[in-house]
Amino acid sequence: MQEPTRLHAEIVCDVCGSHTQVLGFGQQFGTLQASWGYGSQHDGEVYRVHLCEPCFFCTLANLRREQRIHTMFDDDQPADEHEFGRIARDNFFGDV
Ligand SMILES: [Zn+2]
């Protein structure tokens with residue numbers, strides 16, 4: 001995993017190596033990141049993984065599957081599992 005060194009350096013997917021540049025629309029990618037602090041088992045470690053669109057949604061599907069396993073006996077199941085992780089829709093201007 002390599003952090004871009006220039007302001008507009010191209011970000012490639014850390015999983016499949018695909019370019020994230022969408023012609024005419026800039027770079028489109030997701031980020032999985034964490035900065036673990038005191039009290040955690042990974043204290044002081046910082047992670048950032050850039051993901052292209054297919055790898056992001058593949059990762060999200062795997063997490064959703066894990067969530068289903070952890071909550072399979074719960075009475076309260078999510079009404080729409082496609083909302084997993086999504087905090088906004090129609091956020092075309094980056095307000096969120
Ligand atoms: Zn990818």
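The values are calculated or read from the model by the stated rules, or taken from the named source; none is laboratory data. Nothing here was measured: the structure is a model prediction, and the numbers come from that model. We place every Cβ from the backbone using ideal geometry, glycine too, and count neighbours over all the protein chains shown.
Here are the numbers for the structure shown:
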{"read-out": "Test: residue 33 is surrounded by fewer than 16 Cβ atoms within 10 Å (Cβ to Cβ), touching a Lys or Arg at 6+ places or on another chain (Cβ under 6 Å) and at pLDDT 95 or above", "value": "yes"}
{"read-out": "Flag if residue 22 is within 14 Å of the ligand (Cβ to nearest atom) and modelled with pLDDT under 95", "value": "yes"}
{"read-out": "Among (1) of a type outside the set (Ser, Thr, Tyr); (2) within 26 Å of residue 16 (Cα to Cα); (3) in contact with a Gly (Cβ under 8 Å, 6 or more places away or on another chain) - the single one residue 43 does not satisfy", "value": "(2)"}
{"read-out": "Flag if residue 96 is touching a strand residue (DSSP E or B) at 6+ places or on another chain (Cβ under 6 Å) and not acidic (Asp, Glu)", "value": "no"}
{"read-out": "Where residue 43 falls short, out of the listed (1) modelled with pLDDT of 95 or more; (2) loosely packed, with under 10 Cβ neighbours inside 10 Å; (3) within 13 Å of the ligand (Cβ to nearest atom)", "value": "(3)"}
{"read-out": "Any hit, segment 52-74, residues being in a loop (DSSP other than H, G, I, E, B) and modelled with pLDDT of 95 or more", "value": "yes"}
